[in-house]
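No lab work stands behind these numbers, since they all come straight from the coordinates. From a predicted model like this one, the values you see are computed outputs, not experimental measurements. All Cβ positions, even for glycine, are placed from backbone atoms using ideal geometry, and neighbour counts span all protein chains on display.
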């Protein structure tokens, strides 16, 4: 195929059409699923891949799930080569064949033009349960995969359109909640939407033209990514970050080390010097760690870049097996997605000297709780991930404040809070508070995003809580003179007055009704010296209660009268002058 | 045309857009007229009066004499929309449950552009210092957990008074289940702040989902004083001119209501402008024997797609304005940044894109010669031969082909290494694909196949893209009505009075007595409103629908039900209707599994039917359109990928029954229709261009 036969306009059209299809797949998933983790929080991703599994386009509501679909697709295409037919459906979650996390279960559907396999549709979401020792997953005591989850290596659940009932029953007999079955049906439905639409697109242009223009789309995107990478000075950059507490040994600390090499439009992330894997569940899988790398880097390039194979082609990621970010079989790894925040920190620290205007200060790291129990008034079992409570602030950039209450960098505002009133319908708890957390934002010329404070009164029976995450030891870091954000914190105040501070990887059973749950999600880091932030902006935030009078004075050098809340311009000038540029 | 007699009366539709105020007039003798004047954004009521003056001048009447003969004015307004978009609404305060005052600003923590760290949250309509917390709590069942703190309410009143607040929203947790706290707070506000505009969540939107309710209630408060001021100014001007007829305001749900009713629910007017379009569109499709159609409205900067299915305008139960949630039934509309002014550009990967940036009306496309240098869709259309330089907008704007060519050459052709005409053809194709995407969103989202709907085209720029969009979607029939460029104004005369009432009633659906009581309450409330609007009992209709889901699902399906099913306790009929609706939307249903159903909301749509004028007819011809042929012009034929000679016809000279085989260009003063070679066009009894695909779809 020579360049002359490529119609550049058709390349644009095909690119646009692919995006429309993955968006439609996402809409179908959002409207039909049952677990609030999917239909309220949108913890899922939809995508299309070519016959070899190369990414055509994705809709990435939660990007940390996103960049394992292409490798798994290639794995299935190879493993089932010669036995892939129209109407087949495959399920997969296995982390030792390129899955990212046990709870993230994918459905794949091959797409045919005539009898030729031309593409795949895939949808993957976080299932409310996946078997294993702990309801809802996240077993902090796990030391091997079987204590965490049912492993689903690539299996065919539909063969030429016919349900393999025995296989289906085997899977769902090992999963606690019936809604998981319904949510996997929704995934298949979403793939069917993708299949139909792509077939009609290919039908319109013919398979040969489609193929040629697909390659041209990859090339155009690769060129764009290469030019973005060329904007970073060639060189070798080092960054590191800490991971605190492996869920087994109190006080344990691990280090992520990344070496980033930029050379001639190509970038390599090498994690070879990262610490070895833990013997608990705080371990990455190759694809969860690679997703973390890609999604962090995507925030440093033109956000309009299409998401296809060409985008990832100039990126190499080296993570030796046996390290914290790529644990060897049969390690427990459910925490792996949540190594994204420290991984992102290491990358940001490495690239700050090279491209200070492209990075953010540190983001608040995820610290999350999952509660399960009985809802007596509804005579039902519930599973709730408290998305509203876990979402802290993002780091500021050179010219913008961080985003308030956006949540962890792995979702970047793609997952949503439960609605408060739906929360009170679906769980037996009473929400007491969910508001911005005063003084949580790291100060700076541009401040970090605000964190939130969440409280609820536990109701119902048999309440058990699992926690997972970080950010309770080291706050989101400030950059180039900016200050740090605040720490995460989880507390239970039992009815008898006892206060129990939860660990970042914890399992608490028998939480009595009447216990008050408190969660602080911290703010993001600030960028640039706080003394350069305009006094009137600080003053407005004092009037809004986002910054205290004391913090305005101590962190920003802005003097506000505590009684009248009026700005004292003269005292502010004096204070700012005396403390230099701060 | 017959001359107006002394007894002639008029019905008028007025649609205020960003650039033009459109007026459509219908006389009691069945004559119609269309008028366009410039909009007057500082006080849009001036534009309304100017439009009426234009009519008077045309008819040779004094304004007072014309106004005296007007029976009804139906009015679509963008004042509330603009107040939100430009943040020029009222100084607004919010009273809300202690602990959740930031929900309004958080918007459930979404950042719509995930990878863009410079993308900012939207500014909330109420600043945090005016979002006042009040102690007191109702639980999920509607039971009081903690009494309302009147001290907190009093303190909030003090703060808001000293801040000069003009409008107050009240939204407490679980008020959909029990509104006593909200009512008590409202009482205090009424006595302490008698001049403030009040918006109470349990009155505005008594449904579950706190963020939806607080956002909608605040939007309602924020736009209340603005709409009230505007309507009072308009009514005063009309009164001064001696208007003795009825003024009706277009609502986002596609129905109309009296000014005093929308004053209490201004949030129902946030999509007032485009809401009448679908009703007009289906009126033009009805002669084909269908009550369903797609509407594509292409203006200067945006392309709006909407849908009518089986005579019902497609509504969404919630939408957004400027990223702020509004949970009220409103026209389901997909807006794409594609219009005549959309700019063509080359992205960082070297590929051609069209829009969403637009040159707007000022400076406008390069060919306007008003300083615009970027190549736009209109420039491409000119280069492709679709537009006649001296006949654009009825000759109001003289187009410069030279400037169009220059802009496309410099910004598209050169960077892509294409010749000029191929570059223009590429721009045309890309924007057609973008527009087709808007139509797909509106149909496929609901599980509908766009090929099954005739496509009605509105807006001045739509006619040139109609056939190519239809080809892209394999739609066999396209209609371009005579009033395409002012379709919304004409549609306003075809709308009924309509009020959507809703009440949450959450629980497993195992008996219908409670539901029946709710329905009776809502019907009584709807009847009362229609009675105020002068609708007699035999003209009112109440449609009942239930928002249902399978137990444990999260999203509901709104299922229309017969009132007698509810009165007779016919649970089976309701269940069957739900299973069928679920299957149609999502491809499966669970009747065999026996999954219980859960009710979330009860809905009543109260409709007051109004007498609707018949579409005017045009003279019949002999089927031969050659009398209207003005000559031939060189134009680009997309299917052939080459230029050819295309017949040009005077659209105003065409008679009913005239037929033209594509390719052809049909020119009217306000719009040009490009009939590609895949289509043939005939003119129906009402002057609509009916374009039909010559061979069946692939």
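Structure above, values below:
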| read-out | value |
| --- | --- |
| Tensor-based shape of the stretch B:238-318 (alpha-carbon gyration tensor, a/c under 1.5 rounded, otherwise prolate or oblate) | prolate |
| Estimated FRET transfer efficiency when R0 is 51 angstrom, pair residue B:86-residue B:146 (beta carbons, to 0.05) | 0.80 |
| Under the Debye formula (equal points on every Cα, no solvent term), log10 I(q)/I(0) of the stretch B:259-412 at q = 0.11, 0.16 Å⁻¹ | -0.60, -0.96 |
| Sequence ranges A:357-366, A:324-333, ranked by mean other-Cβ count within 10 angstrom, highest first | A:357-366, A:324-333 |
| Hydrodynamic radius by Kirkwood, which averages 1/r over all alpha carbon pairs of the stretch A:53-99, in angstrom | 11.7 |
| Packing rank of B:63-70, A:308-315, B:317-324, where each peptide gets the mean count of other beta carbons within 10 Å, highest leading | A:308-315, B:63-70, B:317-324 |
| Stokes-Einstein D in µm²/s, Kirkwood radius over Cα pairs - the stretch A:279-394 at 10 °C with 1.306 mPa s viscosity | 96 |
| Chain A: calculated mean residue ellipticity at 222 nm from DSSP helix runs of at least 4, using -39500 (n - 2.57) | -9000 deg cm²/dmol |
| Chain A: antiparallel DSSP beta bridges as a percent of all, rounded to 5 | 95 |
| Isotropic mean projected area of the C-alpha convex hull, the stretch A:402-474 (nm²) | 6.3 |
| Proportion of all alpha-carbon pairs of the stretch A:1-55 beyond 12 Å (%) | 72 |
| Point-to-point label distance, residue A:501-residue A:230, nm (Cα→Cβ direction, 7 Å offset) | 5.2 |
| Computed log₁₀ I(q)/I(0) - Debye formula, equal Cα scatterers, no solvent, chain B, q 0.05 Å⁻¹ | -0.26 |
| Peptide B:157-163 - average C-beta neighbours from other chains (10 Å radius) | 0 |
| Per residue convex hull volume, Cα atoms of the protein assembly as shown, in Å³ | 179 |
| Share, in percent, of DSSP beta bridges within chain B that are antiparallel, nearest 5 | 70 |
| Directionally averaged shadow of the stretch A:126-276, computed from the convex hull of its alpha-carbon atoms, nm² | 14.0 |
| Averaged over A:11-17, number of beta-carbon atoms from partner chains that fall within 10 Å | 6 |
| Order by protection proxy (mean Cβ within 10 Å, highest first), peptides B:325-334, A:42-51 | A:42-51, B:325-334 |
| Value of [θ]222 nm, deg cm²/dmol, for chain B, DSSP H segments ≥ 4, -39500 (n - 2.57) each, nearest 500 | -9000 deg cm²/dmol |
| Label point distance in nm, residue B:112-residue A:248, each placed 7 Å from Cα along Cα→Cβ | 4.7 |
| Peptide A:464-471 - average C-beta neighbours from other chains (10 Å radius) | 0 |
| Along principal axes, Cα extents of chain A, largest first, whole Å | 78, 62, 41 |
| Span from the the stretch A:182-216 Cα centroid across to the the stretch A:104-138 one, whole angstrom | 16 |
